[in-house]
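Each remark here refers to the structure printed beneath this line.
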There are 2 protein chains.
Amino acid sequence: MIDGVMGTDQFSFTITARDSRARTGFVSTPRGAIRTPAFMPVGTAGTVKAMHPNEVRALGADIVLGNVYHLMLRPGAERVARLGGLHHMMNWPRPILTDSGGFQVMSLAKLRKLTEKGVTFRSHIDGSAHELTPERSIEIQGLLGSDIQMQLDECVKLPCSDKEAERAMELSLRWAERSAAAFGQQPGKAMFGIVQGGAVERLRIRSAQALAAMDLKGYSIGGLAVGEPQDVMLRMIETVEPFLPSHKPRYLMGVGTPDDLVESVRRGVDMFDCVMPTRAGRHGLAYTRFGKVNLRNARHADDPRPLDEQSDWEPARIYSRAYLHHLVKADEILGMMLITGINLAYYQHLMGGMRAAIAEGMLDDFVAVTKEGWARGDLPPL
Amino acid sequence: MIDGVMGTDQFSFTITARDSRARTGFVSTPRGAIRTPAFMPVGTAGTVKAMHPNEVRALGADIVLGNVYHLMLRPGAERVARLGGLHHMMNWPRPILTDSGGFQVMSLAKLRKLTEKGVTFRSHIDGSAHELTPERSIEIQGLLGSDIQMQLDECVKLPCSDKEAERAMELSLRWAERSAAAFGQQPGKAMFGIVQGGAVERLRIRSAQALAAMDLKGYSIGGLAVGEPQDVMLRMIETVEPFLPSHKPRYLMGVGTPDDLVESVRRGVDMFDCVMPTRAGRHGLAYTRFGKVNLRNARHADDPRPLDEQSDWEPARIYSRAYLHHLVKADEILGMMLITGINLAYYQHLMGGMRAAIAEGMLDDFVAVTKEGWARGDLPPL
């Protein structure tokens, strides 16, 4: 089926099965299909850190994410375009989703100044001055060649006052209109609007309704996984879900832990991205069917067992925990490479498991078994 | 032929062709054959930095090197043995050569104290106290499972007085006897003696003659490439070459640049190791048929051309110089992975070229063409 839908010239979303609120299917794009629910590894600055792109693909990714903020500063959007676009530059011929840059401007840049028009800021790399407007963000995403683009939005930090959340949400709605106008008609690509509204239900509903009325090709849920408890995040998803068009893909931005993914899929989310598996992989922290395993821990130093003999990724099956521990302790790059791959493998395995379970109407069973494994924890010491 | 000699239970060396003083052939071991002249990537602490072992093999390596000093401190030789040995631990089933630890004790360790018995020192990692004697070094190399082991030697820094060079050389000869006794009879493995003697011809000859009389399975030339000019190093090789048994492999330790390799092969050297291709790869410096290319240089920032479209390693052919430059500037691990691989590919390509040229009696022509390429330098700007 996946191969059958490649080569389409239209962006489209097909739901092939539902299980309660969860759905499975695929997003079709001219660059290939994206099986949903999908986890998108983060390729911040044009590389999924410590991974060859063919490995990222072999691990099961149909799509990766690129960050407008990082790429506009270095190597620069116009330069990427001259080099043939982001897909060609990073040797990833399949779909790419880009964020709008807004989130990282808020978290990384210096001397930010926000106006109705957009945001000006200074680069965290060299202090150079830049401006990001809804129109410029879409222009940059076009220069990169992104298949799924995001509107510029303002993401407030939680907790914040209702008034502040409302102001940012309303601004984001106006920016959604401008972004949609700037994006125009591009049948093979999509621009998603982003639901904002902090942790306030009525604001989230207002945002979802207004975006739904714009008839966009997909909808992101933003401003979550920014420090709030998981139950707040899940409540916000439940709040907006009925107001998002059922036949459009839903993308929960920047989420999350394996448990976050499972609980969000249950609530109707189709797409996710998160730095967690790759960042943790560079710090010796592995995600497995046993839950989180900290390979820096001395208890692994003499353990000849593989990290997870059922992993889809060979390194998890052939290298000993003792060797991985050694690589982490010695700050060896290979340790980062191996554990990043192991984590991405687990994330993709989890998504594949959920897709199969939804298709069979057995998501609850799958989730129960999966959580049982996490609760049991890591292998007992030898 | 390579497959034909695998599975032997004896360590042996076969010369299949000579071209003036240069030779080509293969070292046979129970773990596989080593085509000579051979370049051995350095796997310091149980990993060729930033490379998967299957990549190291795909790039043409028949053997890698491990460092006793690093491995005895972390993860520890006894621990490696409990984990099934270094080959199993690092997933490298082919031959491994280990140094004796002496060189790094001199360059890295703290509070060294040298006696006739051996050397005591403190770890540069945690300050713990350790002792390395000829017997303990061989024991450690046995625990690691090394196929080609080195005697403990004392390597003096150049320049030094003749008297100091002589004292260290004579001590190294006595340690060679003790190392050989400790190694005993191991038909499938080898222990090499190490020629020392600083930059003093008569000392080098004395060392080579004394070691030759011990009838060891191979001979290393140590104490070179430690800062002296290339002509001094080459003169020392020329000095000892006539005194080293012609039918035994000769290993020039810690060498070197591509030009060092070419000039040393011409003078009868069969084996090399050096951190240069891997270390340079982590710092944005590439070795190619155009000579050294510094990818940090801004002139690559907009260059869409591959680094070397004739490379044996796909990344050198498919990624643009601009992308490699970007990865280096952004300190991306993928940049280190790609350029390390590109460098190892070039080193192995060079060795393969020399082996083929020697077999055809055309080494001089090969060297002339190779040096012409280096002298021409990198591609002109677009």
Quiz item: What's the lysine pair count for chain A at a Cα cut-off below 26 Å, pairs eight or more apart or interchain?
Solution: 17
Quiz item: Since chains A and B are linked by a rotation, which residue in A has the beta carbon closest to its axis, and how far is it in Å?
Solution: A:Ile333, 3
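As a test of understanding, state the convex hull volume per residue of chain A from its alpha carbons, in Å³. Provide the component values of the computation, followed by the final result.
Values: hull volume 50.8 nm³, N = 382.
In chain A, the Cα convex hull volume per residue is 133 Å³.
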Quiz item: If you plug each phi of the stretch A:65-72 into the Karplus form 6.51 cos²θ - 1.76 cosθ + 1.60 with θ = phi - 60°, what whole-Hz ³J(HN,Hα) values come out, in order, with x for Gly and Pro?
Solution: 10, x, 9, 4, 4, 5, 6, 5
Quiz item: ³J(HN,Hα) across the stretch B:370-382 via Karplus (A = 6.51, B = -1.76, C = 1.60, θ = phi - 60°), whole Hz, x for Gly/Pro?
Solution: 4, 5, 4, x, 5, 5, 5, x, 6, 3, x, x, 5
Exercise. Calculate, in whole percent, how much of the Cα-Cα pair population of the stretch B:1-137 lies beyond 22 Å.
Key: 48
Exercise. In whole Hz, with x marking every Gly and Pro, tabulate ³J(HN,Hα) for the stretch B:49-60 from phi via Karplus 6.51 cos²θ - 1.76 cosθ + 1.60, θ = phi - 60°.
Key: 3, 6, 10, 6, x, 5, 5, 4, 5, 4, 6, x
Exercise. Mind jotting down the distance between the C-alpha centroids of the stretch B:127-153 and the stretch A:225-243, whole Å?
Key: 59
Practice problem: Place +1 on the Cβ of every Lys and Arg and -1 on the Cβ of every Asp and Glu in the protein assembly as shown, take the dipole about the Cα centre, and give the residue among A:Pro229, B:Met191, A:Phe26 whose Cα lies farthest towards its positive end. | Solution: A:Pro229
Quiz item: Of A:Thr340, A:Thr14, A:Thr133, which is the most mobile in a GNM of chain A whose springs link Cα atoms less than 10 angstrom apart?
Solution: A:Thr14
Quiz item: Considering only the other residues whose Cβ falls under 10 Å of the Cβ of B:Val42, what net charge follows from Lys and Arg at +1 and Asp and Glu at -1?
Solution: 0
Self-check item: Label spacing, shortest first and in nm, from A:Leu234 to its equivalents in the remaining copies (7 angstrom along Cα→Cβ)
Solution: 7.3
Quiz item: Dividing the alpha-carbon radius of gyration of the protein assembly as shown by 2.2 N^0.38 Å (N being the number of residues), what value is obtained?
Solution: 1.09
Practice problem: Taking each label point as 7 Å beyond Cα in the direction of the beta carbon, state the distances from B:Pro304 to the same residue in the other copies, shortest first, in nm. | Solution: 5.5
Quiz item: Taking a probe of 1.4 Å, how large is the accessible area per residue of the stretch B:123-257, in Å²?
Solution: 36
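Where the accessible area of the stretch B:123-185 is counted over protein heavy atoms with a 1.4 Å probe, how much of it, in %, is carbon and sulfur? If you can, show how the numbers build up before the last one.
Working: 1350 of 2590 Å².
Roughly 52 percent, rounded to a whole number.
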Quiz item: Among A:Asn91, A:Leu173, A:Ile148, whose Cα lies farthest out toward the positive end of the dipole of the protein assembly as shown, if unit charges sit on the beta carbon of Lys, Arg (+1) and Asp, Glu (-1)?
Solution: A:Leu173
Exercise. Using Cα pairs closer than 8 Å and at least 6 residues apart in sequence, work out the relative contact order for chain B, in percent.
Key: 16
Quiz item: Gaussian network model of chain A, Cα springs within a sub-10 Å range: biggest mean-square fluctuation belongs to which of A:Lys292, A:Lys248, A:Lys113?
Solution: A:Lys113
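Would you mind giving the total buried accessible surface between chains B and A, with a 1.4 Å probe and ligands, DNA and RNA left out, rounded to the nearest 100 Å²? Please list the in-between numbers first.
Numbers: alone 15640 and 15640 Å², together 28150 Å².
Buried surface at the B/A interface: approximately 3100 Å².
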Quiz prompt | Under 5 Å, built H, 5+ apart or other chain: amide partners of B:Val195 | solution = B:Ser220, B:Ile221, B:Gly222
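Under the definition of Cα pairs under 8 Å and six or more residues apart, what whole-number percent is the relative contact order of the stretch A:218-306?
Working: 87 pairs, mean separation 20.8, N = 89.
Here the relative contact order equals 23 percent.
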Exercise. Could you tell me which of B:Leu108, B:Pro41, B:Thr8 has its Cα farthest along the dipole of the stretch B:1-113 towards the positive end, charges placed at Cβ (Lys, Arg +1; Asp, Glu -1), taken about the Cα centre?
Key: B:Leu108
Quiz item: Who wins for biggest fluctuation among B:Val328, B:Val42, B:Val269 in a Gaussian network model of chain B, springs between alpha carbons below 10 Å?
Solution: B:Val328
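For chain A, what is the calculated [θ] at 222 nm in deg cm²/dmol (nearest 500), taking -39500 (n - 2.57) for each run of four or more DSSP H residues and dividing by its residue count?
-12500 deg cm²/dmol, from helical runs alone.
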Quiz prompt | Within the accessible area of the stretch A:250-382 (1.4 Å probe), percent carbon and sulfur | solution = 52
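About the Cα centre of the stretch A:1-148, how large is the charge dipole given +1 on each Lys and Arg Cβ and -1 on each Asp and Glu Cβ? Please answer in debye to the nearest 20.
Details: 17 positive and 13 negative charges, 72 e Å.
Around 340 debye, computed over the stretch A:1-148.
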Quiz item: Considering protein heavy atoms only and a 1.4 Å probe radius, which residues within the stretch A:82-124 exhibit an accessible-area decrease of no less than 10 Å² in the full assembly relative to the chain by itself?
Solution: A:Arg82, A:Leu83, A:His88, A:Met89, A:Met90, A:Asn91
Quiz item: When ligands, DNA and RNA are left out and all protein chains stay put, how many square angstrom of accessible area per residue does the stretch A:292-375 have with a 1.4 Å probe?
Solution: 38
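The values are calculated or read from the model by the stated rules, or taken from the named source; none is laboratory data. None of these values were measured; they are calculated from a predicted model. For neighbour counting, all protein chains shown are included, and Cβ atoms are generated from backbone atoms with ideal geometry for every residue, glycine included. Only protein heavy atoms, including side chains, enter the accessible area calculation; ligands, DNA and RNA are left aside. Shrake-Rupley method; radii C 1.70, N 1.55, O 1.52, S 1.80 Å.
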